[in-house]
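Here is the structure we will look at, set down as structure tokens.
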Amino acid sequence: DGLIYDSAIGEGIWTHKFENGKHTWTFNNVLELGEIIELTLKFNTTASGKFTNYVSAGSTQTDILTANAIVNVLKPDFKVEKIVLTPKVALGEQVIYEIIVHNTGEADLTNIVVEEMPDASLVFDHYVDGGLFKHSLILGKHIWTLDKLAKGNYAGFKLYFNTTATGNISNKISVKSDEVPENTTTSNNTTVLLPAFTVEKICLYPNVLVGN
């Protein structure tokens with residue numbers, strides 16, 4: 001369980017059969033004295049954990065020998081935080097978001113991709129990080145890429161947007177990696193307020209004497 005046969009390297013000199021739920025390979029030539037041959041098998045993993053794979057080999061002139069190999073399949077995973085540092089701003093002020101990616105899995109993550117999906121009323125201004133992320137503008141989309149995030153570590157950056165309209169603004173991001181290709185999305189809201197004021201000028205003495 002957890003391992004599904006995919007393919008073999010070296011099948012040109014081997015004949016492969018699958019019978020009664022078992023894979024067998026027969027060497028097509030004569031194995032000379034002192035000769036060493038190899039057969040490399042590739043399996044896909046379907047679950048995390050420690051798996052033992054057994055193999056038996058023999059010939060008409062020898063006994064059947066068995067061997068095994070143990071593989072530890074790790075589960076990659078991550079958690080994404082998007083924090084709005086300015087939940088309420090006045091029109092024309094900047095909205096600031098903080099993006100944090102946590103590696104919560106059992107293995108290192110590579111090629112982490114963060115895509116920003118801002119509201120139409122937000123205009124990207126700049127971002128601030130520690131030099132870990134690479135920023136790209138692809139087909140009008142702002143994308144940040146992190147080469148590697150070790151197990152148990154986290155990395156993040158801040159986004160600055162200019163506001164162009166009032167109201168409750170919803171902003172989303174999408175995150176994935178080579179090990180976790182499914183997009184993980186998260187969003188939050190910011191309220192952009194219209195600044196305004198009124199002026200009253202009241203005459204407290206509408207009638208006064210000359211000189212007063």
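Readers should treat all values here as calculations from the given coordinates under stated rules, not as data from a laboratory. Quick caveat: nothing in here was measured; it's all calculated off a predicted structure. Ideal geometry is used to build each Cβ from the backbone, glycine not excepted, and the neighbour counts take in all protein chains shown.
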Report the calculated FRET efficiency for ALA67 and LEU132 (r = Cβ-Cβ distance, R0 = 41 Å), to the nearest 0.05.
0.40
Choose one of VAL89, THR186, GLY152: the residue whose Cα lies farthest towards the positive end of the charge dipole of segment 85-212 (beta-carbon charges +1 Lys, Arg; -1 Asp, Glu; about the Cα centre).
VAL89
For segment 86-212, which semi-axes, largest first and in whole Å, follow from the square roots of 5 times the eigenvalues of its Cα gyration tensor?
49, 14, 12
Counting only DSSP beta bridges with both residues in the chain, tell me the antiparallel percent, nearest 5.
95 percent
Tell me the label-point distance for the pair PHE27, ASP125, using the 7 Å Cα-to-Cβ offset, in nm and rounded to one decimal.
7.2 nm
Top mean-square fluctuation among ASN20, ASN44, ASN168, Gaussian network model of the chain, C-alpha springs under 10 Å?
ASN20
What are the equivalent ellipsoid semi-axes of segment 1-86, built from the alpha-carbon gyration tensor (square roots of five times its eigenvalues), in whole angstrom, biggest first?
41, 14, 13
Residues of segment 56-81 with amide nitrogen under 12 Å from the 7 Å Cα-to-Cβ point of ASN189?
none
Given a 10 angstrom Cα cut-off, can you work out which residue in THR66, THR163, THR185 is the most mobile in a GNM of the chain?
THR66
In this model, which of LYS88/LYS201; LYS42/LYS79; LYS22/LYS176; LYS50/LYS82; LYS79/LYS134; LYS50/LYS172 are farther than 26 Å apart at the alpha-carbon?
LYS88/LYS201; LYS42/LYS79; LYS22/LYS176; LYS50/LYS82; LYS50/LYS172
What is the distance, in nm, between label points placed 7 Å from the Cα along the Cα-to-Cβ direction at LEU139 and at ILE202?
6.2 nm
Based on the alpha carbon coordinates of segment 29-126, what radius of gyration and maximum Cα-Cα distance (Dmax) apply, in Å?
27.3, 87
Stretched out fully, how many nm does the piece from GLU182 to THR110 gain, at 0.36 nm a residue minus the Cα gap?
24.5 nm
What the Cα atoms of segment 135-180 span along the principal axes, largest first and in whole Å, is 41, 25, 17
Give me the percent relative contact order of the chain, please, defined on Cα pairs under 8 angstrom at least 6 residues apart.
18 percent
Could you list the chymotrypsin sites (Phe, Trp or Tyr not before Pro) in segment 128-212 that lie in coil according to DSSP, counting only those with at most 16 other Cβ atoms within 10 Å of their Cβ?
PHE197
Highest-fluctuation residue, GLY92, GLY152, GLY21 considered, GNM on the chain with Cα pairs under 10 Å:
GLY21
Calculated P(r) over Cα pairs in 10 Å bins from 0, in percent (choose from (i) 8, 26, 30, 23, 10, 3, 0; (ii) 6, 22, 17, 13, 12, 11, 8, 4, 2, 1, 1, 1, 1, 0; (iii) 7, 26, 23, 16, 12, 9, 5, 2, 0), label
(ii)
